[in-house]
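Each reported figure results from applying straightforward, stated rules to the coordinates on display, with no laboratory input. Computed from a predicted model, the values in this text were never measured in an experiment. Here the Cβ is made from the backbone with ideal geometry for all residues, glycine too, and neighbour counts use every protein chain on show.
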Amino acid sequence: MIYLIQPLFYKTDLEIIIQDYLKQKYPSHRLVISHHIDFPLLSKVNLFFIIHDSTLKDWDGIQQSKYIRFSSNSYSNQIILVADQLNYTMIFRTHISFLGVISSKELDKNEICQYIDDYMSYQSNIF
């Protein structure tokens with residue numbers, strides 16, 4: 001499954017990019033949008049796009065990522081942090097092992113689509 005974890009009422013083009021690409025290339029897959037991470041995961045390997053906006057005081061994408069990474073049997077989940085500020089030192093020191101970190105201000109459609117393609121390829125090799 002592919003998840004977008006973001007704050008409630010958060011506006012981003014990321015959702016549209018992912019949904020359009022899934023409709024075009026992987027019509028049997030869908031994007032699950034959630035505003036919290038306290039839900040059961042449907043497969044063993046999942047792809048998460050997690051929003052981290054440093055201007056939001058009540059939302060911490062890093063903590064959301066830690067919860068996913070360090071919960072039981074979830075180290076195989078792939079996490080992509082979508083951040084408004086790319087502070088690589090801080091991100092590296094979290095020890096979360098992000099698959100990628102992309103700028104929410106400069107979303108690159110090709111990069112996002114490549115992450116989805118890599119995930120789908122990995123999924124097909126597992127199952």
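Between ILE33 and LEU86, the modelled label-to-label distance comes to 2.5 nm, taking each label 7 Å out from Cα in the direction of the beta carbon. Mean sequence separation of contacting Cα pairs (under 8 Å, at least six apart), scaled by the length of the chain, corresponds to a relative contact order of 25 percent. Mind telling me which of ASN77, ASN46, ASN110 comes out most flexible in a GNM of the chain, alpha-carbon contacts under 10 Å? Comparing ASN77, ASN46, ASN110 in the GNM, the peak value goes to ASN110. Measuring r between the beta carbons of TYR67 and GLU106 and using R0 = 25 Å, the FRET efficiency lands at 0.40.
Each eigenvalue of the Cα gyration tensor of the chain, multiplied by 5 and square-rooted, gives one semi-axis; in descending order these are 21, 17, 14 Å. Report the label-to-label distance for HIS95 and VAL45 in nanometres (one decimal), using points 7 Å from each Cα along the Cα→Cβ vector. Each label point is offset 7 Å from its Cα along the Cβ direction, giving 2.5 nm.
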